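Asker: Handing you this structure, nothing more for now.
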């Protein structure tokens, strides 16, 4: 068992609002220098940008695929590659480092209705979640690389697969869970799809 978890700030900060790592600001896109179509049908634009130090740089911007079939094939290839990487075994030291890194700071929820919100309301809540994770185990025990992405979902045998078993949900809890899922499903169905424009890219 790994039990060396500590707050980065030593527990000094107990405020409800506390800093989260912010995304790096990106320079505005300039003129298009070149457009490329890759072998898999991916369309890319190469934009001119001005870096912080005043020098000129370039950024790749993804524009889509030539056809839905090519996009689906690329997504399937990426999924297969991710599954291949996730299946690789990791060491106990790698698992312990991934656990400490995950619980060292607060994070933003990336999916679902709570997307964009803080995962924990305070440093105390974050530390409680880490302690509970250390002491309890669940059905998702693995020694592969998928643990390194989400130590809160998966357990590693010698890191956070504690001897305590998570209590089974009561009938009332199961009913509340089903009701909440039904509400979320209705909200998602009523939500109109919004067009999203990707303004990301890659430096070189």
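The values are calculated or read from the model by the stated rules, or taken from the named source; none is laboratory data. Because the structure is a prediction, the values reported are computed rather than measured. Reconstructed Cβ throughout: ideal geometry from the backbone, glycine too, with neighbour counts over all protein chains shown.
Asker: For the stretch 123-137, check the following and say yes or no: at least one residue is out of contact with any helix residue (DSSP H, G or I) (no Cβ under 8 Å at 6 or more places or on another chain) and in a loop (DSSP other than H, G, I, E, B).
Answerer: no
Asker: Still on this model: Given the residues 168, 185, 130, which is the only one that is surrounded by 10 or more Cβ atoms within 10 Å (Cβ to Cβ) and over 21 Å from residue 119 (Cβ atoms)?
Answerer: Details: 168 fails: surrounded by 10 or more Cβ atoms within 10 Å (Cβ to Cβ); 130 fails: over 21 Å from residue 119 (Cβ atoms).
Answer to the check: 185.
Asker: Do we find that residue 157 is surrounded by 11 or more Cβ atoms within 10 Å (Cβ to Cβ), touching a helix residue (DSSP H, G or I) at 6+ places or on another chain (Cβ under 6 Å) and part of a loop (DSSP other than H, G, I, E, B) in this structure?
Answerer: So residue 157 does not fit the description; no.
Asker: Taking the stretch 78-101 on its own, how many of its residues are in contact (Cβ under 8 Å) with a residue 12 or more places away in the chain and in a helix (DSSP H, G or I)?
Answerer: Here is the first cut: in the stretch 78-101, the residues in contact (Cβ under 8 Å) with a residue 12 or more places away in the chain are 85-90, 92, 94-96, 98-100.
Filter once more, keeping what is in a helix (DSSP H, G or I): 85-86, 92, 94-96, 98-100.
Here the count works out to 9.
Asker: Take residue 30 and tell me if it is in contact with a strand residue (DSSP E or B) (Cβ under 9 Å, 6 or more places away or on another chain), farther than 21 Å from residue 142 by Cβ, at pLDDT below 90 and assigned to a loop (DSSP other than H, G, I, E, B).
Answerer: Working: in contact with a strand residue (DSSP E or B) (Cβ under 9 Å, 6 or more places away or on another chain): yes; farther than 21 Å from residue 142 by Cβ: yes; at pLDDT below 90: yes; assigned to a loop (DSSP other than H, G, I, E, B): yes.
In short, yes.
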